[in-house]
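The values are calculated or read from the model by the stated rules, or taken from the named source; none is laboratory data. For clarity, every value in this text was computed on a predicted model and none was experimentally measured. Note: ideal-geometry Cβ built from the backbone for every residue, glycine included; neighbour counts use all protein chains shown. The accessibility values were calculated without ligands, DNA or RNA, using every heavy atom of the protein model including side chains. Shrake-Rupley method; radii C 1.70, N 1.55, O 1.52, S 1.80 Å.
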Amino acid sequence: EYKPNAKTDIKMASLSDAAKLQMNGGGYGKTNSEYSWQHDPQVTMSITLTCQLELLMLIEKIVESKIGKLIMANTDGAEFILNKDKLENFYILCNEWELESNNFNYGRLEYGEYEFIAQLSVNDYIAKTTKNEIKRKGSFMTYEDIKANNWHKDSSGCIIPLALENYFVNNIP
């Protein structure tokens, strides 16, 4: 409910972050902590495996239907290369999956379209959206990204992601 407006409304961004922290850290996350009253490794594994199997089910549907080519996947998402003429079919398949996996009311998919993605690994990439937004993860994160909300990240060598961004985004050698 909050997330769609989080980019333009600071209050919605705060509420979205709070809900995410409650669910990830206070709910699910504590099931894997031996120091928590919620400690239950079976719950942790059940949730993890169920979510990953559901995501694999979606990936399989998309790849087998020849709608998209998988280029990257991790525990909570996947990236595909699609032809624009297959975009409507892609959304239909995704919507069917949300209904089948009972993710229609909670856990709906998020979508993003990229002009390009340059990546070292699934958690280290820079991407430019079709809306000219730059998304940086892992070793592509700049000091500005770290300063914004990632103080736990290593900020040494920040000249490297700046140089890589200039190369990939601005075509500067």
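Please specify each residue of region 78-113 satisfying the condition of being open to solvent by less than 40 Å² (accessible area, probe 1.4 Å), of a type in the set (A, V, I, L, M, F, W, C) and closer than 23 Å to E1 by Cβ.
Those that are open to solvent by less than 40 Å² (accessible area, probe 1.4 Å), of a type in the set (A, V, I, L, M, F, W, C) and closer than 23 Å to E1 by Cβ: C94, W97.
Within region 114-125, can you find the residues that are open to solvent by 50 Å² or more (accessible area, probe 1.4 Å) and modelled with pLDDT under 90?
The one that is open to solvent by 50 Å² or more (accessible area, probe 1.4 Å) and modelled with pLDDT under 90: N123.
Sort out which residues of region 58-77 are of a type in the set (A, V, I, L, M, F, W, C) and either in a strand (DSSP E or B) or open to solvent by less than 50 Å² (accessible area, probe 1.4 Å) (or both), and write them in order of number. Don't jump to the end; show me each part of the working.
Looking only at region 58-77, we keep the residues that are of a type in the set (A, V, I, L, M, F, W, C), and these are 58-59, 62-63, 67, 70-73.
Selection gives L58, I59, I62, I67, L70, I71, M72, A73.
Please find, within region 126-167, the residue that is most open to solvent (accessible area, probe 1.4 Å) out of those that are in contact (Cβ under 8 Å) with a residue 40 or more places away in the chain and outside any helix (DSSP H, G or I). Write out each step before concluding.
Step one: list which residues in region 126-167 are in contact (Cβ under 8 Å) with a residue 40 or more places away in the chain, which gives 126, 128, 164.
Filter again for outside any helix (DSSP H, G or I), leaving 126, 128.
Values: I126: 0, K128: 36 Å².
Applying the filter and picking the extreme gives K128.
Restrict the check to region 134-150 and report whether at least one residue is closer than 23 Å to A19 by Cβ and of a type in the set (G, A, S). Break it down stepwise before answering.
From region 134-150, those closer than 23 Å to A19 by Cβ are 135, 137, 145, 148-150; that's our starting set.
Add one more test, that the residue is of a type in the set (G, A, S), and what stays is 148.
Looking for residues that are closer than 23 Å to A19 by Cβ and of a type in the set (G, A, S), one finds at least one in region 134-150, hence yes.
With respect to D17, is the statement that it is out of contact with any Ser or Thr (no Cβ under 6 Å at 6 or more places or on another chain), open to solvent by 80 Å² or more (accessible area, probe 1.4 Å) and of a type in the set (D, E) true?
So D17 passes the test.
For (1) in a helix (DSSP H, G or I); (2) over 14 Å from the mean Cα position of the chain (by Cα); (3) free of Cβ contacts under 8 Å to residues at least 12 places away in the same chain, each residue gets a yes or a no:
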residue: E79; (1), (2), (3): no, no, no
residue: L87; (1), (2), (3): yes, yes, yes
residue: I92; (1), (2), (3): yes, yes, yes
residue: W97; (1), (2), (3): yes, yes, no
residue: N102; (1), (2), (3): no, yes, yes
residue: N105; (1), (2), (3): no, yes, yes
residue: G112; (1), (2), (3): no, no, no
residue: I117; (1), (2), (3): no, no, no
residue: L120; (1), (2), (3): no, yes, no
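How do the pairs read when you match residues in region 25-53 that are within 28 Å of W97 (Cα to Cα) with residues anywhere that are hydrophobic (A, V, I, L, M, F, W, C), using Cβ under 7 Å and keeping only pairs 6 or more apart or on different chains?
Y28/I47; T31/V43
With (1) modelled with pLDDT of 90 or more; (2) open to solvent by 90 Å² or more (accessible area, probe 1.4 Å); (3) closer than 25 Å to N95 by Cα as the list, and Q42 as the residue in question, which single condition is left unmet?
The one condition Q42 does not meet is (3).
Of the residues in region 1-24, how many are without any contact (Cβ under 8 Å) to a residue 12 or more places away in the chain and in contact with a Phe, Trp or Tyr (Cβ under 7 Å, 6 or more places away or on another chain)? Spell out how you get there, then give the answer.
Our first condition is that a residue be without any contact (Cβ under 8 Å) to a residue 12 or more places away in the chain; within region 1-24, this holds for 1, 4-14, 17-18, 20-24.
From what is left, the residues that are in contact with a Phe, Trp or Tyr (Cβ under 7 Å, 6 or more places away or on another chain) are 12.
Going through region 1-24 one residue at a time, the tally reaches 1.
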